[in-house]
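Below is one structure; the comments refer to it alone.
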């Protein structure tokens, strides 16, 4: 699909981008701290802060999942360098969300927590998503990628798709009590598009692979198979192997 | 935001005079950065300040009432700001802040309540007639929402029994059905299919006649704010909050158990009785404890970490009302 060479990113540019990601991703937390000092949490502070952190965990999860489709669509392969950071920020807000529930709502009582996980399907879904996210966060350092090997690491990290589906389910069931799906439907649509883009791409690549070899080369230089030789494309291929 | 380091930014063919002087472009950069920061600041300010809703709430007209110490809990009252900005009133939207935001469109005068059905003297009361029916009392009740939070609210009104007696219920009347206004023009939430409108609630006749059941016209010594169910609602303090119908236009005495809005929407979750009961969990959460709204410093970190408290059977009104349910299995009739 892409005909122009992939834009490059210098290490200084990457550093600046990462600083920007840090600043933007910490804004929701800064806001909560500010509101807490200003008595701005409203009538039900726990509900407000729990919902806010949950929402931002989901937003950042969507942003993380948008990296790969955006990269394929724009050819800006450097985007992948931001993916781990974004994913870890999604996990950070999920941790706050989860800690508020466990520490404040359940009063640090493991049996109460377990009972809640079993009794309430929406908590079962959310809790499962959190456990999976923890595994992904723990296996996110480069050293672990090397130890596991790209293929195994990639297979493991594909469970981020399950995290996204579980997170939507968690939110959906939470709203089911009120029959009010207007907001969660938007997030569900975003996740559907992001996961759908991967399915469409996989289909296309499979279709390409079964074509006779003579034809495959002729069709507008699809990336991946064959390797187009330039350094940028190699970089893209390498990060493809750990694309989720 | 990528940078091509291998490209030379300018070559020999550019005249020296065409190059922007360093001082000038640095100043431009500063201005651009300031403009960007300013725009970001302006966008983020409302997001960083959530006070507006509470501060905007206008107070209603005063409503003279005599305190009734027999029905006054001495617990700390929930601040007016919380009582009037944290509401479930789906006719105005499902978010807790929606009623305070959107209920301004509700016209509460003229307003009539038709009291009808199995009664000897059916009658339509206008609001002034209801306000003058008997002297108003102030009662401070606990209010426990089925969602697991609670408030302490000073209501103004009188026992619903005063009204019901005047229409003379027939011997065949066994239940009372309350219908809330459902007007798309005044109530934006009625256009969404969250519930089957209009909102219908119901009580057994003996529950409705119980002196605790309050026909309510005000709170905190003022006429009811729209978001709290203006101009007239009931308050049944030993039942979950949704049993206390708001903005009532019809009260009908019937012989069969009314099909109430939440019971119809989710019968496994919301029974007809819905008495506050810590021993009977909601299918999706425990009812053993509750979060008291407005505990700790209002809306700050102290409020965030305020502990929950135990929920009492019949919301603490067991002595007064338990006899209504003698011999009934409250796990079955939840």
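A short reminder: the numbers here are calculations on the coordinates, not readings from a lab. Just so it is clear, the structure is predicted and the values come from calculations on it, not from any experiment. When we count neighbours, we look across all protein chains shown, and the Cβ atoms used for this are built from the backbone with ideal geometry, even at glycine.
Structural remarks
- To the nearest ten degrees, helix B:22-48 and the longest principal axis of the Cα atoms of chain B are 0 degrees apart.
- Most mobile listed residue (B:18, B:138, B:318) in chain B, GNM with C-alpha springs under 10 Å: B:18
- The share of Cα pairs per 5 Å bin across segment B:62-323, counted from zero up to the longest distance, runs 1, 6, 13, 18, 20, 19, 14, 6, 2, 1, 0, 0 percent.
- Ranked list, fewest to most other Cβ atoms within 10 Å of each Cβ, for B:167, A:165, B:156, A:33: A:33, A:165, B:167, B:156
- Modelled spin-label separation between residue A:165 and residue A:181, with each label point placed 7 Å from Cα along the Cα-to-Cβ direction: 1.7 nm.
- Residues residue A:189 and residue B:183, FRET efficiency given R0 of 41 Å [Cβ-Cβ distance, rounded to 0.05]: 0.80
- With the cut-off at under 18 Å, measuring from each backbone N in segment B:115-142 to a point 7 Å along the Cα-to-Cβ line of residue B:168 picks out B:115-125.
- R0 of 25 Å, Cβ-Cβ distance residue B:37-residue B:105: FRET efficiency to nearest 0.05: 0.05
- Kirkwood Rh, angstrom, the protein assembly as shown [1 / mean 1/r, Cα pairs]: 27.9
- Projected label distance in nm at residue B:264 and residue A:138, using a 7 Å step from Cα toward the beta-carbon: 5.1
- Distance from the alpha carbon centroid of segment A:104-151 to that of segment A:14-44 works out to 24 angstrom.
- Peptide-level mean, for A:31-41, of C-beta atoms on other protein chains within 10 Å: 6
- FRET efficiency, residue B:322 to residue A:26 (Cβ-Cβ, R0 56 Å, nearest 0.05): 0.60
- Of the peptides A:91-99, B:236-244, A:16-24, the order by per-residue mean of other Cβ atoms within 10 Å, starting with the highest, comes out as B:236-244, A:91-99, A:16-24.
- Range of Cα positions in segment B:54-213 per principal axis (Å), largest first: 47, 40, 31
- With both labels modelled 7 Å from their Cα along Cα-to-Cβ, the residue A:131 to residue B:76 distance reads 3.9 nm.
- Restricting the calculation to alpha carbons of segment B:52-122 gives Rg and Dmax of 16.6, 50 angstrom.
- Taking every alpha-carbon pair within segment B:252-326, the share separated by more than 19 Å comes to 56 percent.
- With a 10 Å cut-off around each Cβ of A:46-56, the average count of Cβ atoms from other chains is 2.
- Across B:158, B:71, B:270, mean-square fluctuation computed from a Gaussian network of chain B (C-alpha pairs under 10 Å connected) peaks at B:71.
- Calculated log₁₀ intensity ratio I(q)/I(0) where the Debye formula runs over C-alpha points of segment A:1-103, q = 0.16, 0.21 Å⁻¹: -0.76, -1.05
- Spatial separation of Cα centroids for segment B:87-145 and segment B:239-287, in angstrom: 18
- Shielding value for B:283-293 is 4, the average number of Cβ atoms from other chains within 10 Å of each residue's Cβ.
- Entry note, chain B: relative contact order of 18 percent, from Cα contacts under 8 Å with a spacing of 6+ residues.
- Extension gain for residue B:309-residue B:289 works out to 6.7 nm (0.36 nm per residue, less the C-alpha to C-alpha distance).
- Label zone at residue A:200 (point 7 Å along Cα-to-Cβ), backbone N below 16 Å, segment A:55-73: A:66-73
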